[in-house]
Amino acid sequence: MSSLIEQAAQRLEQLRQAGIDVPAAGAPVPAASEAAPPPPVVAAPATHGFSSRHVDLDCAALEAACILTPNAPRSHMADQYRVIKRPLIKNAMGKGASKLNHANLIMVTSALAGEGKSFTSINLAMSIAAELDNTVMLVDADVARPSVLRVLGLPPGPGLLDLLEQTADMSGVLLRTNVDKLTILPSGTPHPRATELLASDAMSQLLDDMARRYPDRIIIFDSPPLLLTTESRVLASHMGQIVVVVHADKTKQSDVQNALATIESCPVKMMLLNQARTDTTGGYGYGYGYGYGHEKQDA
């Protein structure tokens, strides 16, 4: 027994020499509250690398730029967008003349640049956000020359291309705004193979999920011009409805016809005449028509 005690004493002495605090025999054991605190727990970083954000739009600045806002007084332009959105919403909610696949996915495009497609996309989204029964997502799908965030006074950030690259998830890139019922999906980080990403299976799966996840949500895509890039033609193949913006007295008829030829497969195409002079007001406004398949109807 004595040898065991001697061995234990030698071991305690070795521990003290090594710098380890060993209480002396008979010393009180520290209470739990006096014990050394446990090491801090370090949270693992989020796998997608981004956190969801809320952004505030400067409504006064947007009104000055002729962008519709929720609390703006009634105007001729606001009334025109009410007319423009009504058949689109009707189709999106399955109340149109025929049943459409992805009817709530609406692409806004043009034949060439500078015809007002981004201006139309934003105002259309703002107008739909005023609806009582629908929400709206505005997607900047012009990945080569994104402009939605710039027009809205917001800095660039991750978005659509990052989702397709699987370097982010939807909750991390979608921007919630101070405009009730309006969210924004930026174009995302520029990518040298943007066209291939838009044509990928990941894009098809993403759009199908977006179309089906929220039945009351209408999704507006600001797309590149049809005659300048191939991205818009790839995107058009997934859309239920397409709005083609035409600048009055500027766009050539041949360009419009060539642009429409690239989206023949889309069942619903609306033509929106931007900057059309109206006799009733003496100013400029919009005219439009829409049809199913190849049968165009004047509105």
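When the residues of the stretch 170-220 are filtered to those that are of a type in the set (D, E, K, R) and in contact with a Ser or Thr (Cβ under 8 Å, 6 or more places away or on another chain), which remaining residue is nearest to residue 244 (Cα to Cα)? So the residue we want is 217. Annotation note: of 63, 34, the sole residue that is of a type in the set (Asp, Glu) and at pLDDT 60 or above is 63. Here 99, 90 are screened, and the one residue that is without any contact (Cβ under 8 Å) to a residue 40 or more places away in the chain and part of a loop (DSSP other than H, G, I, E, B) is 99.
Residues in the stretch 206-230 that are in a helix (DSSP H, G or I) and among the acidic types (Asp, Glu): 2 in all.
When the stretch 217-234 is filtered for residues that are out of contact with any strand residue (DSSP E or B) (no Cβ under 6 Å at 6 or more places or on another chain) and of a type outside the set (Ser, Thr, Tyr), the ones remaining, listed by number, are 224, 227, 228, 231, 233, 234.
Note on the stretch 261-270: residues that are surrounded by 13 or more Cβ atoms within 10 Å (Cβ to Cβ) and either of a type in the set (Asp, Glu) or within 20 Å of residue 103 (Cβ to Cβ) (or both) amount to 6.
For the stretch 187-205, filtering for residues that are small (Gly, Ala, Ser) and not in a helix (DSSP H, G or I) leaves 4. Annotation note: of 138, 105, 124, the sole residue that is touching a residue at least 24 places away in the same chain (Cβ under 8 Å) and touching a Gly at 6+ places or on another chain (Cβ under 6 Å) is 105. The residue list 205, 166 contains one member that is surrounded by fewer than 23 Cβ atoms within 10 Å (Cβ to Cβ), at positive phi and out of contact with any Leu (no Cβ under 6 Å at 6 or more places or on another chain), which is 166. Looking across 197, 182, one residue alone is at pLDDT 95 or above and buried (at least 18 other Cβ atoms within 10 Å of the Cβ). It is 182.
Right, residue 132: touching an Asp or Glu at 6+ places or on another chain (Cβ under 7 Å), in the same structural domain as residue 73 (by TED's automatic domain parsing), surrounded by fewer than 24 Cβ atoms within 10 Å (Cβ to Cβ) and hydrophobic (A, V, I, L, M, F, W, C) or not? No, not satisfied. The C-beta contact set for the stretch 154-182 (first residue in the same structural domain as residue 199 (by TED's automatic domain parsing) and within 16 Å of residue 137 (Cβ to Cβ), second residue among the acidic types (Asp, Glu) and outside any helix (DSSP H, G or I), distance under 7 angstrom, 6+ apart or interchain) comprises 159/140; 178/56. Under the condition of being within 21 Å of the chain's Cα centre (by Cα) and either at pLDDT below 95 or not assigned by TED's automatic domain parsing to the domain that holds residue 216 (or both), the residues counted in the stretch 66-90 number 2. Every listed requirement among (1) surrounded by fewer than 23 Cβ atoms within 10 Å (Cβ to Cβ); (2) modelled with pLDDT of 95 or more; (3) under 30 Å from residue 252 (Cβ atoms); (4) not aromatic (Phe, Trp, Tyr) is met by residue 145 save one, (2).
Among the residues of the stretch 142-167, the ones that are outside any helix (DSSP H, G or I) and not polar (S, T, N, Q) come to 13 in all. Of all the residues in the stretch 116-171, those that are of a type in the set (Gly, Ala, Ser) and over 17 Å from residue 82 (Cα atoms) number 10. For the stretch 106-117, the set of residues classified as surrounded by fewer than 24 Cβ atoms within 10 Å (Cβ to Cβ) and touching a helix residue (DSSP H, G or I) at 6+ places or on another chain (Cβ under 8 Å) consists of 112 only.
The values are calculated or read from the model by the stated rules, or taken from the named source; none is laboratory data. As the structure is a prediction and not an experimental result, all values here were calculated from the model. As a convention, Cβ positions derive from the backbone with ideal geometry for all residues, glycine included, and neighbour counts pool all protein chains shown.
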